[in-house]
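What follows is one structure encoded as structure tokens, with my remarks underneath.
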Amino acid sequence: MKTNVKIENLELYKHADQRVAIIVVNGTAGFESVLEVFMTNDALKAWLKEKREKHPDTTFNYVEDYLGTAVNYAIWNDVEGMSMHSRTDTSFDITREDLTKLAQLFDTFGIMNRMRNGRMSMAEACDSLKRQTVYYIGNDIVDGKIDKKDMVFGKTMIGESIAAFFTLEGALAFAGTEANVPVSNCRLWELASAFGYNNAVVLEPERSFTVTLPAEGLRM
């Protein structure tokens, strides 16, 4: 298997919460060491029809899940990579080696998703995420603090909570194109500390897997 697309062009994290179909063969995810992922029903139906005719003794099924879950599976399991199908005649192939470059980023998706589904405690999520680099809308932290003049009204915070993102693109999308606003980055615990650990942090607001972490849980 070879990667046939620039992985950055796929904006995988941007679409991490998109629902996809993942092929399961004889009870195991993947086919011939490749995780087959489908973005559309037409592509899925065409692929299944072809493979079932060609391999009548093989049981082909699929499960529905998030694209982020599929990426994490391909990174941490023994497959050659992932093949994404958006049309019946098009697939984007990414090797496991190339996907591994996104492991830390997609780990954040997995942590937030597990917490939302009750499979990870708030304390465990805080401990797992507080050392991660996040982006926020505003100027750099100076001497461990951020002043009101360095914040962007309506963007740095959502109500009383600080808005934070795991990608620059996510922060810029939240900021909107109508204004030229500064975007800075730091460790998650540093962001909470800059506000005196008085404000909760909303991670990836407006995404389906968003979580809000208490400031106290982010102390180092």
Is it the case that residue 207 is of a type in the set (Lys, Arg) and either open to solvent by less than 20 Å² (accessible area, probe 1.4 Å) or over 23 Å from residue 117 (Cβ atoms) (or both)? no
Take the conditions over 25 Å from residue 114 (Cα atoms) and either in contact with a helix residue (DSSP H, G or I) (Cβ under 6 Å, 6 or more places away or on another chain) or loosely packed, with under 15 Cβ neighbours inside 10 Å (or both) and apply them to residue 20. Does it pass? no
Within the set of pairs 6+ apart or on separate chains, which have a first residue in the stretch 62-89 that is within 21 Å of residue 48 (Cα to Cα), a second that is open to solvent by 70 Å² or more (accessible area, probe 1.4 Å) and acidic (Asp, Glu), and C-beta atoms under 6 Å apart? 88/42
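With the structure loaded, tell me whether residue 197 is without any contact (Cβ under 8 Å) to a residue 60 or more places away in the chain, among the hydroxyl-bearing types (Ser, Thr, Tyr) and at positive phi or whether it fails that test. Before the answer, list the steps.
Working: without any contact (Cβ under 8 Å) to a residue 60 or more places away in the chain: yes; among the hydroxyl-bearing types (Ser, Thr, Tyr): yes; at positive phi: yes.
So residue 197 fits the description; yes.
With the structure loaded, tell me whether residue 194 is of a type in the set (Gly, Ala, Ser), surrounded by fewer than 21 Cβ atoms within 10 Å (Cβ to Cβ) and over 20 Å from residue 122 (Cβ atoms) or whether it fails that test.
Working: of a type in the set (Gly, Ala, Ser): yes; surrounded by fewer than 21 Cβ atoms within 10 Å (Cβ to Cβ): no; over 20 Å from residue 122 (Cβ atoms): yes.
It is false that residue 194 is of a type in the set (Gly, Ala, Ser), surrounded by fewer than 21 Cβ atoms within 10 Å (Cβ to Cβ) and over 20 Å from residue 122 (Cβ atoms).
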Output for the stretch 70-82, where each listed residue is farther than 19 Å from residue 14 by Cβ and open to solvent by less than 40 Å² (accessible area, probe 1.4 Å): 79, 81
Pull out all pairs, ordered by first then second residue, where Cβ-Cβ is under 7 Å, the residues are six or more apart or on different chains, the first lies in the stretch 164-193 and is touching a residue at least 60 places away in the same chain (Cβ under 8 Å) and over 14 Å from residue 11 (Cβ atoms), and the second is open to solvent by less than 70 Å² (accessible area, probe 1.4 Å) and of a type in the set (Gly, Ala, Ser). 192/215
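If you go through the stretch 117-125 one residue at a time, do you hit one that is under 16 Å from the mean Cα position of the chain (by Cα), surrounded by 17 or more Cβ atoms within 10 Å (Cβ to Cβ), within 30 Å of residue 194 (Cα to Cα) and modelled with pLDDT of 95 or more?
yes
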Checked 49, 14 against criteria (without any contact (Cβ under 8 Å) to a residue 24 or more places away in the chain, in a helix (DSSP H, G or I) and open to solvent by 90 Å² or more (accessible area, probe 1.4 Å)); the one match is 49
Of 31, 38, 92, which residue is closer than 30 Å to residue 134 by Cβ and among the hydrophobic types (A, V, I, L, M, F, W, C)? 92
Failed condition for residue 128, given (1) over 20 Å from residue 16 (Cα atoms); (2) open to solvent by 40 Å² or more (accessible area, probe 1.4 Å); (3) small (Gly, Ala, Ser); (4) at pLDDT 95 or above: (1)
Suppose we filter the stretch 154-169 for residues that are within 26 Å of residue 102 (Cβ to Cβ), of a type outside the set (Phe, Trp, Tyr) and open to solvent by less than 20 Å² (accessible area, probe 1.4 Å); how many remain? 3
Which residues, taken from the stretch 126-151, are of a type in the set (A, V, I, L, M) and more than 25 Å from the chain's Cα centre (by Cα)? 141, 142, 146, 151
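The values are calculated or read from the model by the stated rules, or taken from the named source; none is laboratory data. These figures come from a predicted structure and were not determined experimentally. Ideal geometry is used to build each Cβ from the backbone, glycine not excepted, and the neighbour counts take in all protein chains shown. SASA here: full protein model, heavy atoms, side chains in, ligands and nucleic acids out. Shrake-Rupley method; radii C 1.70, N 1.55, O 1.52, S 1.80 Å.
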